[in-house]
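*Asks:* Take this structure, written in structure tokens, and hold onto it; I'll ask about it next.
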Amino acid sequence: MNLLLVEDDPELGRQMVGWMSDAGHALRWDEKGMPALEWLKNHECDAVILDVGLPDIDGFTLVEHLRAEGMTTPVLFLTARASVADRVRGLASGGDDYLTKPFAAEELLARMDALHRRATHAQPAQRKIGNCRLDPVKRRIISESDTVELQPREWTLLEVLMNHEGRIMPKQFLLEQVWDIRFDPGTNVVDAMICRLRRKLEIPGCDIHIETIRGKGYVFKSVA
């Protein structure tokens, strides 16, 4: 794999260059976030390993910028911040995995392999709902007059709701299926992403709707 590491600890950075090289991966290493973000705008890599506490921009904000630019490169947060709130924020910001320091090199390598498998796994054929086509490879919704791209976790959320069309999906179920969180962390991560998804579905001719059932959860509805 071709990987990007964003880490300001020089000792850890040198260690990881060695680990990845021994495992057969190519690794670019930046010690600051903004140069890494600019590099990603013009280059491709298979995954990003990202510290949160960077000297110029925190990792959460960097991923938000990355996703806002439409980049879907898998991101693994690698940080000493171990609280539930930080893990939830990292995943909600657009991260795909979260590993806390200290860590074992073997676990990091296993997680990177898992991210790569998920990103390259064969996707199902396009699906048509009403006047829209859903492209699972590029995570796009295509209406008669417009196209909108979804972030990886937005697409996963939409897929979970679609697979249970017409049924009320409780927040806890969505937390488990989309974020792999098996308890209520007391945040509005589900509500916030539902709002973002609804805004993206407001393209002309889109017949996809997500209805809120107060106190119970959400229901996916569409025009057949």
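A quick yes/no check of all residues on (1) farther than 29 Å from T212 by Cβ; (2) assigned to a loop (DSSP other than H, G, I, E, B); (3) among the basic types (K, R):
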| site | (1), (2), (3) |
| --- | --- |
| A110 | yes, no, no |
| H116 | yes, no, no |
| S145 | no, yes, no |
| V148 | no, no, no |
| T156 | no, no, no |
| E159 | no, no, no |
| R167 | no, yes, yes |
| L174 | no, no, no |
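*Asks:* Can you pull out every residue in region 192-213 that is within 18 Å of H164 (Cα to Cα) and either loosely packed, with under 12 Cβ neighbours inside 10 Å or free of Cβ contacts under 8 Å to residues at least 24 places away in the same chain (or both)?
*Replies:* If the condition is that a residue be within 18 Å of H164 (Cα to Cα) and either loosely packed, with under 12 Cβ neighbours inside 10 Å or free of Cβ contacts under 8 Å to residues at least 24 places away in the same chain (or both), then R198, H209, E211, T212, I213 are the ones that fit.
*Asks:* Pick from region 81-92 the residues that are in contact with a strand residue (DSSP E or B) (Cβ under 9 Å, 6 or more places away or on another chain) and assigned to a loop (DSSP other than H, G, I, E, B): which of them is surrounded by the fewest Cβ atoms within 10 Å (Cβ to Cβ)?
*Replies:* For region 81-92, the residue satisfying everything is A82.
*Asks:* Further question: Going residue by residue through region 124-145, is there one that turns out to be loosely packed, with under 12 Cβ neighbours inside 10 Å, under 19 Å from the mean Cα position of the chain (by Cα) and of a type in the set (K, R)?
*Replies:* no
*Asks:* If you don't mind, another one. Take the residues in region 65-80 that are modelled with pLDDT of 90 or more and surrounded by 14 or more Cβ atoms within 10 Å (Cβ to Cβ), then tell me which one is farthest from R153 (Cα to Cα). Before you say what the answer is, go through the steps one by one.
*Replies:* Initial filter on region 65-80 (modelled with pLDDT of 90 or more): 74-80.
Still in the list and also surrounded by 14 or more Cβ atoms within 10 Å (Cβ to Cβ): 74-79.
Numbers: P74: 11, V75: 12, L76: 13, F77: 15, L78: 19, T79: 21 Å.
So the residue we want is T79.
*Asks:* Looking at G18, G13, can you tell me which residue is free of Cβ contacts under 8 Å to residues at least 24 places away in the same chain and under 16 Å from L99 (Cα atoms)? If you could, list the steps in order and put the result at the bottom.
*Replies:* Numbers: G18 fails: under 16 Å from L99 (Cα atoms).
Unique residue meeting the criteria: G13.
The values are calculated or read from the model by the stated rules, or taken from the named source; none is laboratory data. Bear in mind that the values here come from a model prediction, so they are computed numbers and not experimental data. Cβ sites come from the backbone with ideal geometry, for glycine too, and all protein chains shown count toward neighbours.
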